[in-house]
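The values are calculated or read from the model by the stated rules, or taken from the named source; none is laboratory data. Keep in mind it's a predicted model, so treat the numbers as computed, not measured. Neighbour counts run over all protein chains shown; Cβ positions are idealised from the backbone, glycine included.
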Amino acid sequence: MLSCLSGPALAQDYPSKPIHFVLAQPAGGAVDLVSRALAERLSEFFQQPVIVENQPGGNGGVAGGQVARAAPDGHTLFMAVDNNLTVNPHIYPNLAYKPLTDFAPVSVVSRSPLVLTTSLSLKADTISELVALAKASPGKLNYASTGIGGQPHMGMELFKLMTKTQITHVPYRGTPQAMTDLIAGVVDLFLIGQSSAKAQVGGRMKMMVITSPKRSPLMPDLPTMEEAGVPGYELSAWFGLLAPAKTPQHVIDVLARAVKKAAADPKFVTALAPQGMEIIASSPDEMAATLKADTVKWGEVVTATGVKIDP
């Protein structure tokens with residue numbers, strides 16, 4: 001009887017102190033928005049502070065390594081972008097963590113598709129015209145990204161692979177300069193978030209497609225990549241919460257239930273929906289399955305395209 005009661009009793013003791021969300025990205029981005037919105041809700045539910053810590057560096061290596069080494073008690077958590085977990089192991093030979101063994105999945109909190117934007121000077125208005133233009137002059141067209149291994153980079157590499165085109169990668173340190181060069185016509189293509197795309201009013205760029213499997217309520221007139229002629233293409237950045245490996249299952253379950261409760265909170269929905277984010281609040285098992293499947297997917301893309309980090 002005592003062993004049966006120990007789980008619920010321990011669950012009531014969690015959390016016993018402030019919870020820390022560790023992020024691999026600086027303040028102000030999409031994952032920061034998701035983290036702070038979730039932290040606010042969980043702090044209210046648990047009656048404990050939930051502190052967001054931005055630890056950029058090593059494309060997730062600093063933050064991921066910190067959480068992997070933390071005490072497995074559920075008080076230090078990794079709020080990761082999917083590429084921190086599914087792409088990094090394939091391109092960083094000395095990554096400070098092993099996503100499939102160093103973490104216990106809690107929940108995929110939300111997803112966010114990207115929009116393929118082009119400069120006004122690009123002589124293509126549809127995906128079929130873009131593919132024809134790229135094939136007519138292999139390597140002449142280029143695309144911006146916010147760094148090797150990020151979704152704007154991997155999404156375009158997937159596009160090149162699926163359309164059998166050659167388009168040159170031009171990495172930037174961040175979105176602002178890449179956006180400036182896209183508007184100026186220095187680069188031809190750039191995959192960006194919906195909120196960033198909608199902010200570019202006044203016809204300063206063209207929006208070609210959205211990368212989700214279905215149209216977005218935020219941009220309902222924008223066709224999907226599949227509708228535009230690339231069957232099977234899907235790219236949605238997801239934001240997921242993980243605990244250190246060996247965190248007790250009852251703690252994982254408490255956290256997952258709290259995320260599910262937050263997902264139904266109008267304040268949480270109001271924070272994320274205007275950014276074009278789809279709220280998921282998956283179970284731990286569902287997140288584990290997504291993590292494994294996407295690790296395989298992006299590993300195949302890395303192998304096929306030769307993506308690598310220069311020494």
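Of note:
- Sole exception among (1) over 22 Å from Ala273 (Cβ atoms); (2) buried (at least 16 other Cβ atoms within 10 Å of the Cβ) for Thr211, by number: (1)
- Glu44 acidic (Asp, Glu), assigned by TED's automatic domain parsing to the domain that holds Leu100, over 24 Å from Gly150 (Cα atoms) and outside any loop (DSSP other than H, G, I, E, B): yes
- Restricting the stretch 81-101 to residues that are in a loop (DSSP other than H, G, I, E, B) and touching a helix residue (DSSP H, G or I) at 6+ places or on another chain (Cβ under 9 Å), the residue that is nearest to Leu158 (Cα to Cα): Val87
- Per-region count, the stretch 262-276, residues small (Gly, Ala, Ser) and in a helix (DSSP H, G or I): 4
- Subset of the stretch 67-111 that is of a type in the set (S, T, N, Q) and either touching a strand residue (DSSP E or B) at 6+ places or on another chain (Cβ under 8 Å) or modelled with pLDDT under 95 (or both) - its residue that is farthest from Leu218 (Cα to Cα): Asn94
- Whenever a residue of the stretch 25-42 is touching a residue at least 60 places away in the same chain (Cβ under 8 Å), its partners that are among the basic types (Lys, Arg) and part of a helix (DSSP H, G or I), lying with C-beta atoms within less than 8 angstrom and at least six residues away or across chains, give the pairs Ala37/Lys267; Glu40/Lys267; Arg41/Lys261; Arg41/Lys267.
- Within this structure, Ser195 fails the test of being buried (at least 18 other Cβ atoms within 10 Å of the Cβ) and modelled with pLDDT under 95.
- If you filter the stretch 206-250 down to residues that are within 19 Å of the chain's Cα centre (by Cα) and of a type in the set (S, T, N, Q), you find that the one that is farthest from His75 (Cα to Cα) is Thr224.
- The number of residues in the stretch 43-93 that are of a type in the set (Val, Ile, Thr) and in contact (Cβ under 8 Å) with a residue 40 or more places away in the chain comes to 6.
- Whichever residue in the stretch 90-105 is under 18 Å from Gln25 (Cβ atoms), touching a Pro at 6+ places or on another chain (Cβ under 7 Å) and not aromatic (Phe, Trp, Tyr) and, among such residues, is surrounded by the fewest Cβ atoms within 10 Å (Cβ to Cβ): Leu95
- Scanning the stretch 277-289 for residues that are within 18 Å of the chain's Cα centre (by Cα), more than 23 Å from Gly29 (Cα to Cα) and assigned to a helix (DSSP H, G or I) yields Pro284, Glu286, Ala288, Ala289.
- If you go through the stretch 274-304 and keep only what is at pLDDT below 95 and either over 19 Å from Thr211 (Cα atoms) or exposed (fewer than 15 other Cβ atoms within 10 Å of the Cβ) (or both), you end up with just Pro274.
- Hey, Val31 modelled with pLDDT of 95 or more and more than 19 Å from Pro248 (Cβ to Cβ) or not: no
- The conditions of being in the same structural domain as Asn94 (by TED's automatic domain parsing), over 19 Å from Ala237 (Cα atoms) and surrounded by fewer than 17 Cβ atoms within 10 Å (Cβ to Cβ) are not met by Pro15.
- Residue list for the stretch 189-228, restricted to those being in contact (Cβ under 8 Å) with a residue 40 or more places away in the chain, of a type outside the set (Gly, Ala, Ser) and in a strand (DSSP E or B): Leu189, Phe190, Leu191, Ile192, Lys206, Met207, Met208, Val209, Ile210, Met219
- Taken over the stretch 127-162, the residue count meeting the criterion of being surrounded by 16 or more Cβ atoms within 10 Å (Cβ to Cβ), out of contact with any strand residue (DSSP E or B) (no Cβ under 7 Å at 6 or more places or on another chain) and not hydrophobic (A, V, I, L, M, F, W, C) is 5.
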